[in-house]
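The next block holds one structure in the form of structure tokens; read it before the comments.
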Amino acid sequence: MNRTRARILRVLLMEGSATCPELSSKLRLSLSSTRRHLNLMTTVGLVEQVPARRFRACPEKVRGELEAISSLYLSGVIPAGTRASTD
């Protein structure tokens, strides 16, 4: 997973919800970059938009993705020591 998206998810999981400008400021990212990452994560279901233009993580979906990634490492599909993409 992209580091920036992981950072955004971490904030949303810890704080419950945040607006795009709040995330942008907290993580020192441009507003357009933050919005792009939020839109992508919304499309795949990791994040949802709630009232008042706030975003929150979908913990069950995040957990499922983490388990899928872990199983790839454990099965050897992804070699140990491989770094995550920073796209």
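Rounded to the nearest 20 debye, the dipole magnitude of segment 3-75 is 340 debye, with +1 charges on Lys and Arg beta carbons, -1 on Asp and Glu beta carbons, and the Cα centre as origin.
At 222 nm, what helix-only mean residue ellipticity would the chain give, in deg cm²/dmol to the nearest 500, using -39500 (n - 2.57) for each DSSP H run of four or more? Kindly include the intermediate steps, with their values, before the conclusion.
Values: 4 runs with 51 residues, N = 87.
Theoretical 222 nm ellipticity from helices: -18500 deg cm²/dmol.
Compute the Cα gyration tensor for segment 3-75, then decide on rounded, prolate or oblate, letting a ≥ b ≥ c be the square roots of its eigenvalues: rounded whenever a/c is under 1.5, prolate when a/b is larger than b/c in the other cases, and oblate in all that remain. The partial results should precede the final answer.
Numbers: a/c = 2.18, a/b = 1.73, b/c = 1.26.
It comes out prolate by the Cα gyration axes.
The residue list Ser25, Leu13, Pro59 was ranked by how far each Cα lies along the charge dipole of segment 3-75 toward its positive end, using unit charges on Cβ atoms, and Ser25 comes out on top.
In a shell of Cβ-Cβ distance under 11 Å around Glu15, excluding Glu15 itself, what net charge do Lys and Arg (+1) and Asp and Glu (-1) give?
Details: positive: Arg10, Lys26, Arg54, Arg56; negative: Glu22.
Net of charged neighbours comes to +3.
Rule-based calculations on the coordinates, nothing more; no lab input. As the structure is a prediction and not an experimental result, all values here were calculated from the model. Positions of Cβ are generated from backbone atoms using ideal geometry, with glycine treated the same way; all protein chains shown enter the neighbour counts.
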